[in-house]
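Note sheet for the following structure.
The values are calculated or read from the model by the stated rules, or taken from the named source; none is laboratory data. Since the structure is predicted, the reported quantities are computational estimates derived from the model, not experimental observations. Please note: Cβ atoms are built from the backbone with ideal geometry, for glycine as well, and neighbour counts cover all protein chains shown.
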């Protein structure tokens, strides 16, 4: 089956546009296409994504696996594993690798839960 050539009909609404208008229209369409993907990425994550983030931050695979496991157990994975570690490091004045290692050792979990579950005193 051969596809009907309807290009001449479909391009009619583009014929009178300037290059600038075509460029603007292109980016409008591109943004509409990726918008659902951006929204999905902002609201959904997975342990594998979070491990990947931690690997890129400099944690080794065993550390990343343990941190993600513990963050997930605390119900904080949706906050972002890297974000959890960075916020703790800022609060404690540690670099983020030290903060992550402390979490692996079992330290600071009460504070992390308070920070991310909205119980911390301001």
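In the set 82, 100, which member is part of a helix (DSSP H, G or I), in contact (Cβ under 8 Å) with a residue 40 or more places away in the chain and under 19 Å from the mean Cα position of the chain (by Cα)?
Details: 82 fails: in contact (Cβ under 8 Å) with a residue 40 or more places away in the chain.
Result of the check over 82, 100: 100.
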Consider residue 32 carefully, then state whether it is assigned to a helix (DSSP H, G or I) and in the same structural domain as residue 107 (by TED's automatic domain parsing). no
Checking residue 38 against (1) modelled with pLDDT under 95; (2) exposed (fewer than 10 other Cβ atoms within 10 Å of the Cβ): exactly one of these is not met. Which one? (2)
Output the qualifying pairs, or none if there are none: Cβ atoms under 8 angstrom, residues six or more apart or on different chains, first residue in the range 49-73 and outside any helix (DSSP H, G or I), second residue surrounded by fewer than 17 Cβ atoms within 10 Å (Cβ to Cβ) and modelled with pLDDT of 95 or more. 58/97; 59/97
What number of residues in the range 68-88 are buried (at least 18 other Cβ atoms within 10 Å of the Cβ) and over 14 Å from residue 116 (Cβ atoms)? 1
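Does residue 23 satisfy the criteria of being over 30 Å from residue 80 (Cα atoms), surrounded by 10 or more Cβ atoms within 10 Å (Cβ to Cβ) and without any contact (Cβ under 8 Å) to a residue 24 or more places away in the chain?
Values: over 30 Å from residue 80 (Cα atoms): yes; surrounded by 10 or more Cβ atoms within 10 Å (Cβ to Cβ): yes; without any contact (Cβ under 8 Å) to a residue 24 or more places away in the chain: yes.
Yes; evaluated as a whole, the condition is true for this residue.
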